[in-house]
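The values are calculated or read from the model by the stated rules, or taken from the named source; none is laboratory data. Worth saying up front: this structure is predicted, and the values here are computed from it rather than measured. Using ideal geometry, Cβ is built from the backbone for each residue, glycine included, and neighbour counts are taken over all protein chains shown. These area figures cover heavy atoms from the full protein model, side chains too; ligands, DNA and RNA do not enter into them. Shrake-Rupley method; radii C 1.70, N 1.55, O 1.52, S 1.80 Å.
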Amino acid sequence: MKSAAPNRRVARCHALIPCAGSGSRAGAGQPKQYQPIGGAPLVWHTLAAFAGVPRIAQTLIVTAPGDSTLAARLPSDSFALADCGGASRAESVFNGLERLLQRGAAGSDWVLVHDAARCLITPALINRLIDACLNAASADEEGGLSGALLAMPLPDTLKTADATGRAAATLPREGKWLAQTPQMFRIAPLHAALAARAASGFAGITDEASAMEAVGSRPLLVRGSAHNIKVTWPEDFALATALLQTRHEPA
């Protein structure tokens with residue numbers, strides 16, 4: 001009689017929200033993630049979207065050391081704070097991954113890293129990424145899929161500039177995509193990829209996909225949305241407010 005096969009642990013999905021930036025480019029008097037937009041702090045809209053995805057086991061919000069702004073305002077027990085933000089986004093993500101592991105996440109679990117300032121993310125987009133990534137991982141016979149990210153094909157003509165700020169050349173836009181978040185990877189490989197760049201201060205790492213690409217991975221591109229903007233400049237607040245308002249207007 002054959003013995004029963006051991007139960008394999010089902011990998012869970014976690015979310016990690018870097019929320020430690022100063023938002024200096026936004027020109028606000030406080031970090032942009034706490035600026036009011038649509039009647040609530042910007043990051044509140046981000047968290048509401050993740051609260052609408054029940055299959056995310058936990059969401060860890062990485063804030064700057066000593067930042068207690070969100071301490072009394074978390075949507076549910078599935079959200080937690082870690083004031084271990086670093087000098088860069090990559091360092092904040094790296095520190096956050098270590099906290100997730102300390103909190104019981106497994107290295108084989110998935111993590112969705114999402115910019116707090118992308119407050120127009122929706123549960124539908126998050127689920128689209130999870131479905132695409134998990135389906136691709138199941139179909140990957142060699143088990144080499146590193147992960148996936150939301151992105152949009154580049155729609156505009158792309159220029160390079162010289163030192164004087166003049167257009168120097170036009171680059172072909174075919175095959176070029178604008179990276180968005182969330183970006184979804186297994187925790188252990190992403191942690192290792194970031195650890196490999198820690199000594200250099202995470203030089204050249206602009207997002208999680210770039211860290212994985214640096215160790216030879218080729219993440220899957222999943223079409224996102226033109227509305228999934230990152231609030232960066234002062235005028236972005238007005239645009240995000242207008243887009244949020246359209247969601248609440250009667251059809």
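What to note about this one:
- Share of carbon and sulfur in the accessible heavy-atom surface of segment 54-170 [1.4 Å probe, %]: 48 percent
- Averaged over residues, the count of other Cβ atoms within 10 Å places the peptides 195-205, 160-170, 46-56, 118-128 in the sequence 118-128, 46-56, 195-205, 160-170, highest first.
- Computed log10 I(q)/I(0) for the chain at 0.10, 0.16 Å⁻¹: -0.51, -1.28, from the Debye equation with unit scatterers placed on every C-alpha and solvent omitted.
- Within the chain, percent of DSSP bridges classed antiparallel, to nearest 5: 45 percent
- Each peptide in 236-246, 184-194 gets a packing score, the mean of other Cβ atoms within 10 Å over its residues, and the list from highest to lowest is 184-194, 236-246.
- Per residue, the chain exposes 52 Å² of solvent-accessible protein surface, assessed with a 1.4 angstrom probe and all protein chains in place.
- For His227, His248, His45, His114, the ranking by accessible surface with the largest value first comes to His248, His227, His45, His114, using a 1.4 Å probe.
- Residues whose placed amide H lies under 5 Å from that of Val231, excluding near-sequence neighbours: Arg118, Cys119
- Look at where the Cα atoms of segment 154-179 and of segment 57-118 average out, and the two centres are 34 Å apart.
- CD proxy at 222 nm, helix term only [per DSSP H run n ≥ 4: -39500 (n - 2.57); per residue of the chain; nearest 500]: -9500 deg cm²/dmol
- Binning the C-alpha pair distances of segment 162-228 at 10 Å intervals from 0 yields a P(r) profile of 17, 37, 30, 15, 1 %, listed from the shortest bin outward.
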